[in-house]
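Q: Following this message is one structure expressed as structure tokens.
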Amino acid sequence: MSDPTEFSRAVMPYSRKMFAVAYRFLQRADEAEDVVQDILVKLWQLRDNLPPDNQLEPYILALTRNLSIDRFRSRHVADEEDLPAEEGIEDEWVENTDRLKLTLGLMKQLPDDQRKVLHLKVFEELSNEQIGNLLKLKPDNVRQLLSRARRKLKELAQKQGVI
């Protein structure tokens, strides 16, 4: 993938998602932009060894997540003595990460159609209309599947004593 146009075509569509992932961890737009730029540079350096198109998005988002986590940790290690009011942030981040892992585990127990719709809504940040177009469903069906998925997740979480 030595051609810059081909590289841009393959990688740039993910820049919004990369920013969203970085921002979720860092909560600072300037740092999230820096992470995206660093990842783009890294991807350009690795352009001849990138995974195939169907595996590129998870690869890019994993790189983004990992670099964001590293930045988050290094920010708090470097600023530890300057941020006494933010001592609980790392604990909160760990708790949120644990909650996300638990939710992902519970999602595996959902019926396929509910899991797909919920994944597209939450992780891909698609609108109900976009989900409907992608899965060839009517908007009412998308809303219904989302409602059922959320209800089922709540039931599963209650059964496991999480909530």
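Q: Say we join alpha carbon atoms closer than 10 Å with springs in a Gaussian network model of the chain; which of Leu56, Leu145, Leu134 then has the biggest fluctuation?
A: Top of the fluctuation ranking is Leu134.
Q: So, one more: Here are several values of Cα extents along the principal axes in Å: (1) 48, 35, 32; (2) 57, 44, 31; (3) 48, 43, 23. Which one was derived from the coordinates shown?
A: The listed entry that was calculated here is (3).
Q: Percentage of Cα-Cα pair distances in the range 1-87 greater than 19 Å, rounded to whole percent?
A: Pairs farther apart than 19 Å: 41 percent.
Q: If you don't mind, another one. If each DSSP helix of 4+ residues adds -39,500 (n - 2.57) and the sum is divided by the residues in the chain, what number results at 222 nm, nearest 500 deg cm²/dmol?
A: -24500 deg cm²/dmol
Q: Say the dipole of the range 1-57 comes from +1 at the beta carbon of Lys and Arg and -1 at that of Asp and Glu; which of Asn49, Met18, Val36 then lies farthest toward its positive end?
A: Met18
Q: Here is a follow-up. Run the dipole for the range 1-87 about the Cα centre, Lys and Arg Cβ at +1, Asp and Glu Cβ at -1, nothing else charged, and hand back the magnitude in debye, nearest 20.
A: Approximately 440 debye in magnitude.
Q: Rounded to the nearest 20 debye, what is the charge dipole size of the chain about its Cα centre when +1 sits on each Lys and Arg Cβ and -1 on each Asp and Glu Cβ?
A: The calculation lands at about 1400 debye.
Q: Sticking with this structure for a sec: Relative contact order, percent, of the chain when contacts are C-alpha pairs under 8 Å separated by at least 6 residues?
A: Result for the chain is 17 percent.
Q: Sort out the exposed loop trypsin sites (Lys or Arg not before Pro) in the chain (DSSP loop, at most 10 other Cβ within 10 Å) and tell me the longest stretch that has none.
A: Counting at most 10 other Cβ atoms within 10 Å as exposed, the longest clean stretch of the chain is 1-107.
Q: Now for a separate question. Which order do Met18, Met107 fall in if you start with the one that has the fewest other Cβ atoms within 10 Å?
A: Fewest to most other Cβ atoms nearby, the residues stand as Met107, Met18.
Every number here is computed from the coordinates shown, using simple stated rules; none is lab data. Everything numeric in this text was worked out from a predicted model, so none of it was measured. Note that each Cβ is placed from the backbone with ideal geometry, even for glycine, and that neighbours are counted across all protein chains shown.
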